[in-house]
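What follows draws every value from the coordinates through simple rules; no lab data is involved. No experiment lies behind these values; they were computed from the predicted model shown. In this analysis, Cβ positions are derived from the backbone assuming ideal geometry, glycine residues included, and neighbour counts consider all displayed protein chains.
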Amino acid sequence: MAANNSGSIQEELGEGGTGVKREAEEEESTSSSAAQATATAMLPRSSSRPQLDLSGAAIHGTLEERDPTILLPNQSDDISHLALDIGGSLIKLIYFSRHAELSTEDKRKISTKRRLGMFNGGRRSYPILGGRLHFVKFETEKLNECLDFISSKQLHRGGVDSPSWRSGAQPDDILIKATGGGAYKYADLFKERLGVSLEKEDEMDCLVAGANFLLKAIRHEAFTHMDGHKEYVQIDQNDLFPFLLVNVGSGVSIIKVDGHGKFQRVSGTNVGGGTYWGLGRLMTKCKSFDELLELSQRGDNSTIDMLVGDIYGGLDYSKIGLSASTIASSFGKTISENKELSDYRPEDISLSLLRMISYNIGQISYLNALRYGLKRIFFGGFFIRGHAYTMDTISFAVNFWSKGEAQAMFLRHEGFLGALGAFMSYEKHGLDDLRIHHLVERFPMGAPYVGGKIHGPPLGDLNEKISWMEKFVQKGTQIIAPVPMGVPATTGMGGFERPTSKGDILRSDASAALNVGVLHLVPTLDVFPLLEDPKTYEPNTIDLDQDEFKYWFKILSDHLPDLVDKAVASEGGTDDAKRRGDAFSHAFSAHLARLMEEPAAYGKFGLANLLELREECLREFQFVDAYISIKQRENEASLAVLPDLLMELDSMNEEARLLALIEGVLAANIFDWGSRACVELYHKGTIIEIYRMSRKKMQRPWRIDDFDMFKKRMLTDRKDQPYKRALLFVDNSGADVVLGMLPLARELLRHGSEVVLVANSLPALNDVTANELPEIIAEASKHCGILRKAAEAGGLLVDAMAGIQDDLKDAPESVPLMVVENGCGSPCIDFRQVSSELAAAAKDADLLILEGMGRSLHTNLNARFKCDALKLAMVKNQRLAEKLFNGNIYDCICKFEPVS
Ligand SMILES: Nc1ncnc2c1ncn2[C@@H]1O[C@H](COP(=O)(O)OP(=O)(O)OP(=O)(O)O)[C@@H](O)[C@H]1O
Ligand SMILES: CC(C)(CO)[C@@H](O)C(=O)NCCC(=O)O
Ligand SMILES: [Mn+2]
């Protein structure tokens, strides 16, 4: 690679972890590719839509591999992967990397999909490509670094993993969308150096499209920042327009936005980011923007600015609302004294300059908001740089002059509005179809963010990531240095005391990039259709505030060494695994430290996000499944006693059996490797002993005990009209699923209800995954005719039962038992983003059973659904028990919420 470890290429974000795999669109493309090819030929190039040409597709690698690479020799490189915004100061680059491999459909999935009718209805005519969006920036002065970066990653040819690149094809005319002045100025250079033509998109169009996209598609994008306090704002899509968009780049553009593509540039100012950086550099001899900004944090502007008090002999001018500390004239003090530039501290100069420019921008923005009666002002552009003092100053100006009427808001992707807009203008990405639930934001550690200077291309390769983490450890606390929170004490009278505490160090530019993640585009995600109200739905039960975070910080930190041991062992305990284990440990600790200092750093973060972050972090260092051997051991032990349990259950009458079944689910939920108290228990006995002990301790009434209501519903109200389809969200491997949920599923099947077991797509702790379930069910089916027939009817035994001959053919038709994946790899579930398979299964469901702490307590305890819902869990955490139910550890929850 050309641009390695030198210069100051600033990679905002590195490669992310593995996202949830795409799967729905492949078969759609195959069937329609011929028609599409004709259609594309007739349309102008820029309006073609994403289509993967799957003809001639071949699996590359062995079929035994988990996800073999599929080569698409005939896929043209028509899908562009890169867009640029070349501004006066910075080049912003956004590139798209497709998920490296297309997932192959296993037999289970194909047969389930057929059963759920997924091959017919619900087709999107133009599939969105699954992949990731990366955000990178360079200094415009160092354009060469940008060119080297593009060239080293072959982004202009669709990326190094693009098939055309592999086959060495050289398309004659590659068009790349570009905006900003540099799209004109540097067009020839791009042609010369990379052989690409820049397709110019209007800068204002792009800024607006980018802002609208972010406000629509990213859940926690916009926030307010006042007096050092950051708060995310919930944007109501139906009440977004009109707003004022102020882009503070080198210069400032002020745009009134009335809708998608509907806007007017109403004003601008030439006093902007370029002014601060340019003047600041001349006056302080700083070598970088960050250095200048960092200086300001140690500055005292009263040595430079002329304050009202300086003019009024230390008094306020209260008649017109000005306090003595109000700046009367920026830099005004420097006129009267007989001093040279060198007599002033660079720190003070930087602060005065920063304040002067930020305040001025805030004030001009307010005046424009006033001019058009707008209440909301969004500020973008890299001048903001997530810097607390800058944002506070702008907010103060807006708030003060509008007397609290108008509100200043900032965007996490502040500097990338134009580049995003340019990227969006490739209609062929189909991104205009993109919905909020298609995007998953991940926070990888791959981004190189050492110190203030960030080097080199993104750390794509695992080894580079690990070395980087090793370096990071040597660098000590650099990325966990506190964010400077220059809490400005305002006088409330147009005054602005100088910041009282501004911190010592400016968070390095790239570590500030920890505020934005890689955006994973997962077109197969959907909103769960049975949510009563997706708009008001909030997955997390408890707000992860500072206090709550502290508690979880300790739990997760304490748990870390053990998790690393398991992860390393799961990969054979080799030296390489140990190295990855250490890197994972440091990476996750760094995330925790970052969140500890600023819980809102990654958007509004709940426990569900935090637990998922840990799993993603493991995956980033290629730990596929840390608990694999524990899961296998517990499955085997539980399957061995299942026949006895089933016999015992079958000897009971229906009523006693239903109670025993629910008790069984609650008792078996004790096997949770995420709970420290439980893990300690596991050393004290065998799985079966613990299970028995747990059952024996079941004492009704439980902490929440709606069992009688559920029993009435099952055995009385619905005696002759059983539930049509029950979705059972399963939790852990071993006893939990085998001795708890499977027997309950069997009972529902016996009642004539279809049962869909819903499990994770990817591993999380010892949770059972959708991939693992068919084998468990096949094993259980050996001892149970009900399960066997249902599993057969659900297409689950295609492989596993092959070779087992019995009298199945003569058996009466059974209702099916099916397995679907939930679309996530976390111990919790966010019903706003589930797999399309689960969404399809939900269409005919009239009963939901959520099992386990993650899915029914940490998340969804308060979620309301359109059908009957049963939430079952054992509380394995004292604090949670106290907080939620005023209860104790090992309390049981059986919450039934029927729809009337
Ligand atoms: N690392 C950096 N190097 C240079 N400037 C930076 C850096 N980080 C933030 N800035 C600030 O961001 C400004 C550039 O912001 P941005 O990239 O949004 O504008 P631009 O597109 O380059 O300018 P314009 O839109 O006016 O052409 C700089 O003028 C400077 O004030
Ligand atoms: C010239 C642009 C649009 C280039 O991005 C920007 O720097 C800007 O808006 N400058 C302010 C010019 C003015 O309106 O006075
Ligand atoms: Mn710009």
Checklist entry - In this model, which of Lys200/Lys256; Lys137/Lys230; Lys230/Lys403; Lys712/Lys782; Lys92/Lys578 are farther than 28 Å apart at the alpha-carbon? => result Lys712/Lys782; Lys92/Lys578
Checklist entry - Ranking Arg594, Arg788, Arg435, Arg718 by Cβ neighbours within 10 Å, fewest first, what do you get? => result Arg435, Arg718, Arg594, Arg788
Item to check | Met693-Asp565 FRET efficiency (beta carbon distance; Förster radius 25 Å; 0.05 resolution) | outcome: 0.40
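Work out, step by step, the length gained on full extension between Lys403 and Ile436: first 0.36 nm times the residue separation, then minus their alpha carbon distance; give nm to one decimal. Show your work: numbers first, answer last.
Working: separation 33, 0.36 × 33 = 11.88 nm, distance 3.41 nm.
Taking Lys403 through Ile436 to full extension adds about 8.5 nm, to one decimal.
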Checklist entry - Which ³J(HN,Hα) values in Hz, rounded to whole numbers, follow from the phi angles of region 402-419 under the Karplus curve 6.51 cos²θ - 1.76 cosθ + 1.60, where θ = phi - 60° and Gly and Pro get x? => result 8, 6, x, 6, 9, 10, 8, 10, 10, 10, 5, 8, 2, x, 9, 4, x, 5
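Which pairs, out of Lys113/Lys535; Lys604/Lys866; Lys789/Lys871; Lys262/Lys866; Lys554/Lys711, put more than 30 Å between their alpha-carbon atoms?
Working: Lys113/Lys535 28 Å; Lys604/Lys866 27 Å; Lys789/Lys871 27 Å; Lys262/Lys866 38 Å; Lys554/Lys711 40 Å.
Cα-Cα > 30 Å for Lys262/Lys866; Lys554/Lys711; rest within.
Glu882 to Val624: FRET efficiency via 1/(1 + (r/R0)^6), r the Cβ-Cβ distance, R0 45 Å, to the nearest 0.05?
On the way: r = 36 Å, r/R0 = 0.80.
Once rounded, the FRET efficiency stands at 0.80.
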Next on the checklist: Quick check: the distance between the Cα centres of region 680-707 and region 525-577, to the nearest angstrom?
Outcome noted: 24 Å
Checklist entry - Of Ser694, Ser629, Ser425, Ser296, how do they rank once you tally other Cβ atoms within 10 Å and put the fewest first? => result Ser629, Ser425, Ser694, Ser296
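For Arg864 and Gln546 in one chain, what is 0.36 nm times their gap in residues minus the Cα-Cα distance, to one decimal in nm?
Values: separation 318, 0.36 × 318 = 114.48 nm, distance 2.73 nm.
Gain on stretching Arg864 to Gln546: 111.7 nm.
On a full-extension model of 0.36 nm per residue, what is the gain between Arg281 and Tyr372, subtracting their alpha-carbon distance, rounded to one decimal in nm? Can you show the working numbers first?
Numbers: separation 91, 0.36 × 91 = 32.76 nm, distance 3.61 nm.
Stretched out fully, the Arg281 to Tyr372 stretch lengthens by 29.1 nm.
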Checklist outcome for this item: Between Asp717 and Glu775, the two model label points (7 Å from Cα along the beta-carbon direction) sit apart by a distance in nm of 4.0 nm
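Arrange Tyr344, Tyr551, Tyr389 by Cβ neighbour counts within 10 Å, fewest through most, would you? Don't jump to the answer; show the numbers that get you there.
Details: Tyr344 19, Tyr551 14, Tyr389 25.
Ascending number of Cβ neighbours within 10 Å: Tyr551, Tyr344, Tyr389.
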Item to check | Amide H contacts of Lys876 (H built 1.01 Å from N, under 5 Å, at least 5 apart or other chain) | outcome: Tyr890
